[in-house]
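Data first, discussion second: the structure below is written as structure tokens.
The values are calculated or read from the model by the stated rules, or taken from the named source; none is laboratory data. None of these values were measured; they are calculated from a predicted model. Here the Cβ positions follow ideal geometry from the backbone for every residue, glycine too, while neighbour counts run over all protein chains shown. Side chains included, ligands, DNA and RNA excluded: accessible areas come from the protein's heavy atoms. Shrake-Rupley method; radii C 1.70, N 1.55, O 1.52, S 1.80 Å.
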Amino acid sequence: MEDVLEPLGRFILRIIKWILVEFIVELVLRGIGHVVLKLLTFGKYPRAGKDEGRTFTVGVITVVAVFVGLVMIA
């Protein structure tokens, strides 16, 4: 019975992992990047549909910078 259920369990866990990673990337990193770009450029960027790559990059850099700052404080 275990031999039958193990692949199914792994498949379900992979789907859950994919959903969580997509959630983190879409909502957290792009959201942070969007807000930071709006603040730094006084609302000029990001433009709708054109700066999605920059938004993600700025989100990642911001999260890394905050993490490094917290490590330096501790």
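The table for this structure:
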item: Test for G33: is it of a type outside the set (V, I, T) and without any contact (Cβ under 8 Å) to a residue 24 or more places away in the chain; result: no
item: Residue that is of a type in the set (K, R), open to solvent by 70 Å² or more (accessible area, probe 1.4 Å) and either in contact with a strand residue (DSSP E or B) (Cβ under 7 Å, 6 or more places away or on another chain) or touching a residue at least 12 places away in the same chain (Cβ under 8 Å) (or both), where the choices are R10, R47, R14, R54; result: R54
